[in-house]
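Any read-out appearing in this document is the output of simple, stated calculations on the displayed coordinates, not a laboratory observation. All of these numbers come straight from a predicted model, not from anything done at the bench. Because the Cβ atoms are built from the backbone with ideal geometry, glycine has one as well, and the counts that use them run over all protein chains shown.
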Amino acid sequence: MTTLKEFEDALREQGMHMALAILERLRERDRTKRTVAPARRIAGRKMTPELARRILELHGTTEMTQQEIAFQLGVNQGRVNEVIKRGKWLHDDPASPEAVARDKAKARMASDNAGKRPERRAMKSVSSSQKKSSRPSNQAQLLLGDL
């Protein structure tokens, strides 16, 4: 199979300037249609029951993938999956686990942005010898000969 660049070079070698001009016009047309979406969101849209219903509507009526739906609506693909597979976010209950987690994350982001970064608790490093010593030493092992 020939690449577009090889095809263009062959047209140039054959002196087919009209075909090259048509090819250039097609490229220019395609450039104007292109949209560049940001690769990553810094802060996504708030998940609402309306947004969840829109996700289900797009999933049911189009052949769009979860990733395409996520890009179109400005949400994370994982959220799209949660709505489709588990029915999350369909009810506007502020006490739901999803809403509580969202509100906690927003509070963390607000405190991070205000310069008040919460201190992270240091995890204790436990060596393998300490892990072994924490087990009860009087556990009996059953051997095949014991049966």
Share of Cα-Cα pairs in the range 49-113 lying beyond 12 Å, as whole percent: 70 percent
Set K33/K85; K5/K33; K85/K106 screened for pairs whose C-alpha atoms are more than 31 Å apart: K33/K85
Total formal charge among the other residues, if their Cβ is under 10 angstrom from that of M47, Lys/Arg +1 and Asp/Glu -1: +2
Least to most buried among R79, R25 (fewest other Cβ within 10 Å first): R25, R79
